[in-house]
């Protein structure tokens, strides 16, 4: 393919560089645009009231008539999670493999969106999207149907290699097609975008198959019920839990909406092999001896509203932790969730569970991301002229550059980009020519918008329904509750005329505290519990929903 009128190809990352999540990449040449991936980011504790973070597509709105399609590399949330929020604004075809297409369809059903533009493609299928010719090759990752994307452009051949690893014995049987990458290298690769998240890990990752023996050992050591938590889309890990349950004669239950949905979808599509009569409904768990059950449960990152968090705080309807039970964390925390996961581990331990996690047992989780030697192998096979590390933070990108400079790459041929950078690529050169001014777009329970919209949401709620501040005094020396909670109301009810209601509210908060501060308190969960309990009480009594702000104050 020859370049038209000496045009250059624009590459713009809208997410996924300098950040592990929120992956989205724009390729633009003349009147044609394709997009690779459309993922979400996750809020940290500095983002109250935010559920998800999605890429800023202001640049694309003005050019949506040029967009020929969105290509998805695999089915993880940081690569597909923003589609229900962004696709309605763009209305273009989505191309991806079978399992990923099924996961996206499930999301669209939940959001009442049409599914007709979700196009399932085979691994050997080729797409012609304007000036772009797109093909695929198979890679190993922690979810089946993960792919590398080959983009033939008028200026040269580009490989977009999102999350992958080299695993010669994957549970799914889907190995990384190093032969395809080598053939592309012989053809001539202009630019390789490649996942760099695990560049800090030397050597090679263990095979995913090594996890099953760890699950079985833990199950044999456990006299009660065994709970296993992991990323809810890790189908290979689910399969190993199924295998262990079958061998040891245990029944398998699945708890948590995301887990249940993905488990059933993978089973229906044939990616999960489940023997008959082994799976039981979560509400039937107590009908079996605890020593005869394994529970796959959502909440590996310590999410306060997850099934595992409810179990840890003794709020789950069916599952209660007791002496003899074990919990396996078969997932490392993603950046920003370490403290939440650690708090959950502490809470489960205080209830008597034997908790297995990576800090004490390294055989419980194998990364889905290539370690340094795997990255070197892929780069040496592809032999690209330019390298662009993606899917990592600033430190990963910097270390990637250092490693490959040590292998002979010129520093100027390893791009270190930030979100919004505009790279123009010609046949013989490549340069940074500008930057889009991007902002985080926050999604909350009421809609999509930037931080201003979230603030307006809270202001509107406070102006219409009022605000209730719950002050919980905490002894700074003992960490115990130091007195009765105080409740301050503004714009909700006049305190002198609603003393009975506010007294009921104090009693409701006191009951929540009594239930959850006996041992090691999980204040994230307790704040959420106070919000939920008071919200229900106020709505029942007044049919209003004030903004509820629990505050813990040391005294």
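The values are calculated or read from the model by the stated rules, or taken from the named source; none is laboratory data. All of these numbers come straight from a predicted model, not from anything done at the bench. Note that we place each Cβ from the backbone using ideal geometry, even for glycine, and neighbour counts take in every protein chain shown.
Descriptive notes on the structure:
- Taking the listed residues 351, 381, the one that is at pLDDT below 95, more than 24 Å from the chain's Cα centre (by Cα) and at negative phi is 351, with no other qualifying.
- Per-region count, region 58-77, residues crowded, with 24+ Cβ neighbours inside 10 Å and in contact (Cβ under 8 Å) with a residue 40 or more places away in the chain: 5
- Test: residue 65 is out of contact with any strand residue (DSSP E or B) (no Cβ under 7 Å at 6 or more places or on another chain) and over 24 Å from residue 211 (Cβ atoms): yes
- Among the residues of region 199-213, none qualifies, meaning not one is closer than 29 Å to residue 32 by Cβ and either touching a strand residue (DSSP E or B) at 6+ places or on another chain (Cβ under 7 Å) or without any contact (Cβ under 8 Å) to a residue 12 or more places away in the chain (or both).
- Of all the numbered requirements in (1) outside any loop (DSSP other than H, G, I, E, B); (2) surrounded by fewer than 16 Cβ atoms within 10 Å (Cβ to Cβ), residue 360 misses one, and that requirement is (1).
- When the strands (runs of 3 or more DSSP E) confined to region 370-438 are screened for residues that are surrounded by fewer than 13 Cβ atoms within 10 Å (Cβ to Cβ), those reaching at least 2 such residues are found at 430-435.
- Strands (runs of 3 or more DSSP E) enclosed by region 87-156 - at least 2 residues per element that are farther than 30 Å from residue 183 by Cα: none
- Selection status of residue 331, under 19 Å from the mean Cα position of the chain (by Cα), at pLDDT below 95 and part of a helix (DSSP H, G or I): no
- Of the residues contained in region 486-502, none is found to be closer than 25 Å to residue 316 by Cβ, modelled with pLDDT of 80 or more and either buried (at least 16 other Cβ atoms within 10 Å of the Cβ) or in contact with a strand residue (DSSP E or B) (Cβ under 9 Å, 6 or more places away or on another chain) (or both).
- Residues of region 342-354 satisfying the condition of being crowded, with 22+ Cβ neighbours inside 10 Å and either touching a helix residue (DSSP H, G or I) at 6+ places or on another chain (Cβ under 7 Å) or assigned to a helix (DSSP H, G or I) (or both): 344, 347, 348
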